[in-house]
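**Student:** The structure under discussion is supplied below as structure tokens; questions concerning it will follow.
Every number in this text was worked out from the coordinates using simple rules, so none of it is lab data. Note that the coordinates shown come from a computational prediction; the quantities given were computed from them, not determined experimentally. Don't worry about glycine lacking a Cβ; one is built from the backbone with ideal geometry, like all the others, and counts go over all protein chains shown.
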Amino acid sequence: MKKIFLIRFLITTLFLSVLGCTTPYDYQSSSAYEDVIVIEATITNQNKTQEVKVTRAYKLDEKMPTFEANATVFVSDNLGNKYDFKQNTENYTSVAPFQVSSRQAISIACSN
């Protein structure tokens, strides 16, 4: 009796998993796409070279974001200090190490 119940249970589970109802989601990648700049940064309170990554938003069917080259990136605080960043292959790094001491603002100017 137990064996028959187990076989029926396995067949029912297999049947439901194979024929379960799923509705595929059809996304509209080109109509809802907005070309915006994405800024990824973590400015820490450690005295070190800080990093900022500047990319463009990308469509769901694309593999990777596009790096935003030739941008002017700097961090300034409410004390008037300004920390410039230089461009690398995949991100921008601060020219000199610095640490957060008060309120910070990241400013970025892109070419287009």
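**Student:** Subtract the Cα-Cα distance of ASP61 and LEU10 from 0.36 nm times their separation in residues, and report this length gain in nm to one decimal.
**Tutor:** So the chain would gain 14.6 nm between ASP61 and LEU10.
**Student:** Which whole-Hz couplings ³J(HN,Hα) result when phi for each residue of region 88-101 is put into the Karplus expression 6.51 cos²θ - 1.76 cosθ + 1.60, θ = phi - 60°, listed in order with x for Gly and Pro?
**Tutor:** With the stated coefficients, region 88-101 comes to 10, 6, 10, 7, 10, 10, 5, 5, 10, x, 8, 10, 6, 10 Hz.
**Student:** Now a separate question. Net charge near THR89: determine it from the other residues with C-beta under 15 Å of the C-beta of THR89, scoring Lys and Arg +1 and Asp and Glu -1.
**Tutor:** So the environment of THR89 carries a net charge of -1.
**Student:** Could you tally the net charge around GLU40, taking each other residue with its Cβ under 13 Å from the Cβ of GLU40, Lys/Arg +1 and Asp/Glu -1?
**Tutor:** -1
**Student:** Below 15 Å, Cα to Cα, which aspartates and glutamates can LYS48 reach? Residues fewer than 8 away in the same chain don't count.
**Tutor:** Straight-distance partners of LYS48: ASP84.
**Student:** Let me check the size of region 42-112 from its C-alpha atoms; what are the radius of gyration and Dmax in Å?
**Tutor:** Taking only Cα atoms of region 42-112, I get Rg and Dmax of 13.4, 44 Å.
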